[in-house]
1. Among the residues that make up region 160-169, is at least one of them under 12 Å from Ile106 (Cβ atoms), out of contact with any Phe, Trp or Tyr (no Cβ under 9 Å at 6 or more places or on another chain) and touching a residue at least 24 places away in the same chain (Cβ under 8 Å)?
2. State yes or no: is Gln202 assigned to a helix (DSSP H, G or I), surrounded by fewer than 18 Cβ atoms within 10 Å (Cβ to Cβ) and out of contact with any Leu (no Cβ under 8 Å at 6 or more places or on another chain)?
3. Kindly indicate which of Phe235, Phe207 is crowded, with 22+ Cβ neighbours inside 10 Å, part of a strand (DSSP E or B) and either in contact with a Gly (Cβ under 9 Å, 6 or more places away or on another chain) or at positive phi (or both).
4. Of all residues in region 124-182, count the ones that are among the β-branched types (Val, Ile, Thr) and crowded, with 22+ Cβ neighbours inside 10 Å.
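Read the figures in this text as sums done on the coordinates, not as results from a lab. Just so you know, these numbers come straight off a predicted model, no measurement behind them. Glycine gets a Cβ as well: all are built from the backbone with ideal geometry, and neighbour counts include every protein chain shown.
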Amino acid sequence: MPSLSRRGALAALLSALPAVALGQDAPTIAGAADLKFALEEIAAKFEAEGHGRVRLSMGSSGNITRQIEQGAPYQMFLSADEGFVFRLADRGLTRDRGDLYAIGRIVIFIPPNSDLQPDGTLANLREAIQGNRLRRFAIANPEHAPYGLAAMQALQRQGLWEAVRPALILGENVSQAAQFATTGNSQGGIIAYSLALAPAMQPLGRFALIPEEWHEPLRQRMVLMRNAGPVAERFYAYMQERPAREIMVRYGFVLPGE
């Protein structure tokens, strides 16, 4: 067994090593809830390739923005709505105005036991409303979740918003809305295409894309916080490289330059 002096010297040596070598330098990356599955894959690949380790904190873009404004120590933010990034940049909380990393889509998602159909035109949803068959329908809260706002805009475009409102179950973010849409708590919902494409979601229902012109574009922007360290900087760059981009495409995102 090493003597106390040798153990002390070893501890001092380890403490002087770069924290990433010990797996401790793991900056927290805040990501919009629609990125849940895609970002988990990207972070795992980033670590497997030896770039370092990151912690992920997922939520609605509006809530994350408020957390950053209140001092949350995130080093990078991937928003589902670039307006939130611009808001933080205007307050001097970011390094710059960031980069567009994706454009998202929404789908109507229907679980197997529902009497609704996955119809992207929302005609079947209209029939259910007119037949008094719609009891519960899930979307993310449009007040702070970009995908919830897009869902509301699509429903408004089709003249269904006021009729749907009494049946709505609002998720805190689009990931929670997806949970509501798949667990029997609702007859279906409008969620992110990226979540519907996840392997874990495949057995839980069917979906159809909603026309993108029915809502404002989901322009998703990422940005480094002023306190970002080298691992967060590498992860930011990695999001724009081929391995991450291939994962994003697989989850249905439209990428800049493609």
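1. Looking for residues that are under 12 Å from Ile106 (Cβ atoms), out of contact with any Phe, Trp or Tyr (no Cβ under 9 Å at 6 or more places or on another chain) and touching a residue at least 24 places away in the same chain (Cβ under 8 Å), one finds none in region 160-169, hence no.
2. On the way: assigned to a helix (DSSP H, G or I): yes; surrounded by fewer than 18 Cβ atoms within 10 Å (Cβ to Cβ): yes; out of contact with any Leu (no Cβ under 8 Å at 6 or more places or on another chain): yes.
So Gln202 fits the description; yes.
3. So the residue among Phe235, Phe207 that is crowded, with 22+ Cβ neighbours inside 10 Å, part of a strand (DSSP E or B) and either in contact with a Gly (Cβ under 9 Å, 6 or more places away or on another chain) or at positive phi (or both) is Phe207.
4. Final tally of qualifying residues: 4.
A quick yes/no check of all residues on (1) in a helix (DSSP H, G or I); (2) closer than 21 Å to Glu216 by Cβ; (3) touching a Pro at 6+ places or on another chain (Cβ under 9 Å):
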| position | (1), (2), (3) |
| --- | --- |
| Arg133 | no, no, no |
| Ile139 | no, yes, no |
| Pro142 | no, yes, no |
| Tyr147 | yes, yes, no |
| Met152 | yes, yes, yes |
| Leu155 | yes, yes, no |
| Gly159 | no, yes, no |
| Leu170 | no, yes, yes |
